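> Mind looking over this structure? Questions follow.
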Amino acid sequence: MTAAGRPWSGAGPEGPGTGDPQAEAGPGVVAGLLGGARPEDVRVVEDQAPRMLTWRYERERPQLVTLTSKAVSAQWNAETDVDWSTPVDPEAMVVAMGDAALPPVYRVAAQLPGSPLAGWGEREFRRLAVELLTARLSQFLHGEQGAMLVAAKLVETVPWIDAKYYAATQAMDEARHTEVFARYLQEKLGQAYPMTPFLEAQITDLLADGRWDIAYLGMQIVIESLALAAFGELRRTVQEPLMASLLRYIMADEARHVAFGILSLAELYGGLSAKELRERQEFLLEATLHSRARATTPEVWERLGIEVADVLPCLREATERTGLSPAAQFRRAFFAKLVPNVAKLGLLDANDGWLRERWAEAGLLDQVEELDTATAWLAEQGTGQRVGQ
Ligand SMILES: [Fe+2]
Ligand SMILES: [Fe+2]
């Protein structure tokens, strides 16, 4: 694919570029260092975090030793372990997924008076479903690349050798995940969408933050729990064999990543002051309550020739009428995973349950899973260990 045809070289949240390479790539970037990439092909993030070399090579964290050893032996090859010759018919794929590919709210929106979707038939709805799936997988792709960069940052910034070793395996995992989503989109589904401004801001903030544990908390706990919920939802509903096999491989890696975050941060947070814990609680509230990670990608409508400003009010009204909000359903699945993980870190109940209270007010504590991801992972491995041992 030529650079000009690369679909995800989006203009970023600031809108279309100015034509000035240095201004577009970011401060401090010499155009000569772009290595032939166009300025709009890259996004520069200045990292504020100090790097740490360590001279303490002793293996002191047995659970991270187990995790790293498992990660090394569970590596798979995106070229040779996946059957890329499997033919994929995107329309048949979304039809088989039913409501999971096209939530009923879109059909309700088409019935509303003055709806820009009025008169749509099955062909148009199928096309919309394919675009929605493409948009979803595009965000997975960009999120995986973000995860790769954060894992690399952890290698540099975390003080413990056991965590550096593990994070290095994770950078490899995330590279593979990025590679397979890019290839699936390119070869099987169609043009990818740009990263949503919300996801881009969330990830660039983590990459820039000077506190290494915030990069951990934001990526390994919040975004990885979100990814587990999102991949889980897709895996339950997709029948297309190639995507199903990719998700099986990826999810086995992701559960390990969340476990890594919990095992590392539980140790650090045990030693923080109430004030420092409160700062982390506030970060979590900000990163979750205001989450718009599932907001519709407006470019989907542009591709279908529909004015975004016309269709959004219809979708809002259809959501209100039916009470069927795909975003709300997903948020429940996300919190079901996230809450036990945050509780394991002590952040749900620190400072007299400050965060528990806020999340409860928002009705997000109703259906949470029993086990945090690290305990579940250790149990699955049959280690007989518990987090913190
Ligand atoms: Fe990943
Ligand atoms: Fe991950």
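> Compare the peptides 352-365, 159-172 by average per-residue count of other Cβ atoms within 10 angstrom and give them in order, highest first.
By packing density, highest mean first, the sequence is 159-172, 352-365.
> Under a Cβ-Cβ cut-off of 12 Å, what is the net charge of the residues other than Ile306 that fall near it, where Lys and Arg count +1 and Asp and Glu count -1?
Within the 12 Å Cβ shell, the charges total -4.
> Hey, another quick one. Compute the long axis of helix 62-73 from its Cα atoms, compare it with the longest principal axis of the Cα atoms of the chain, and write down the angle in degrees, 0 to 90, nearest 10.
50
> What is the pair-distance distribution P(r) of the range 183-271, computed from all Cα-Cα distances in 10 Å bins starting at 0, with each bin given as a whole percent?
So the P(r) values, bin by bin, are 15, 36, 35, 13, 2.
> Please list, short to long, the whole-number percent of alpha-carbon pairs of the range 38-125 in consecutive 5 angstrom bins beginning at zero.
Per 5 Å bin, starting at 0, the Cα pair percentages come out as 3, 8, 8, 8, 7, 9, 12, 12, 11, 9, 7, 4, 2, 1.
> For a quick protection proxy, order the peptides 331-341, 203-213 by their average other-Cβ count within 10 Å, most packed first.
331-341, 203-213
> Moving on. For the chain, with only Lys/Arg (+1) and Asp/Glu (-1) charged at the beta-carbon, what is the dipole magnitude about the Cα centre, in debye rounded to 20?
500
> Compute the separation of the alpha-carbon centres of the range 218-250 and the range 169-195 and state it in Å as a whole number.
Spelled out, the Cα-based centre of one part sits 13 Å from the other.
> Moving on to the next point. Going Cα to Cα from Lys188, which aspartates and glutamates come in below 17 Å? Please leave out same-chain ones fewer than 8 positions away.
The reachable aspartates and glutamates, counting only those whose Cα sits under 17 Å from Lys188, are Glu79, Asp83, Asp89, Glu91, Glu131, Glu179, Glu240.
> While we're here: At q = 0.11, 0.13, 0.18, 0.19 Å⁻¹, what is the log10 ratio I(q)/I(0) for the range 36-191, with the Debye formula run over Cα points and no solvent?
Those come out to -0.67, -0.83, -1.11, -1.17, one per q.
> Rg(Cα) of the chain divided by 2.2 N^0.38 Å?
Compactness ratio reported: 1.02.
> Another question, then. Which listed residue (Leu141, Phe125, Ala163) has the Cα farthest towards the positive end of the charge dipole for the range 55-213, taking +1 on Lys and Arg C-beta and -1 on Asp and Glu C-beta about the Cα centre?
Ala163
> Using Cβ counts within 10 Å as a stand-in for footprinting exposure, how do Leu285, Leu345 rank, fewest first?
Leu285, Leu345
> Oh, and also: Using the Cα atoms of the range 209-353, I'd like the radius of gyration and the largest Cα-Cα distance, Dmax, both in angstrom.
18.2, 55
> Residue-wise, which Karplus ³J(HN,Hα) couplings in Hz belong to the range 119-136, taking 6.51 cos²θ - 1.76 cosθ + 1.60, θ = phi - 60°, and x for glycine or proline?
Residue by residue, the range 119-136 yields x, 5, x, 4, 4, 5, 5, 5, 5, 4, 4, 5, 5, 5, 5, 4, 5, 5 Hz.
> Would you mind checking the tilt of helix 274-289 against the longest principal axis of the Cα atoms of the chain, expressed as 0 to 90 degrees and rounded to 10?
Approximately 20 degrees, to the nearest 10.
> Here is a further query. Which peptide among 107-118, 78-89, 49-60 comes first, and what is the full order, when sorted by highest mean count of other Cβ atoms within 10 Å?
Listed from highest to lowest mean packing, they are 107-118, 78-89, 49-60.
> Can you list the lysines whose alpha carbon is less than 17 Å from that of Lys70, not counting same-chain residues fewer than 8 positions off?
Lys164
None of the figures in this text is laboratory data; all of them are computed from the coordinates on show. In this text, all values refer to a predicted model and were calculated from it rather than measured experimentally. As a convention, Cβ positions derive from the backbone with ideal geometry for all residues, glycine included, and neighbour counts pool all protein chains shown.
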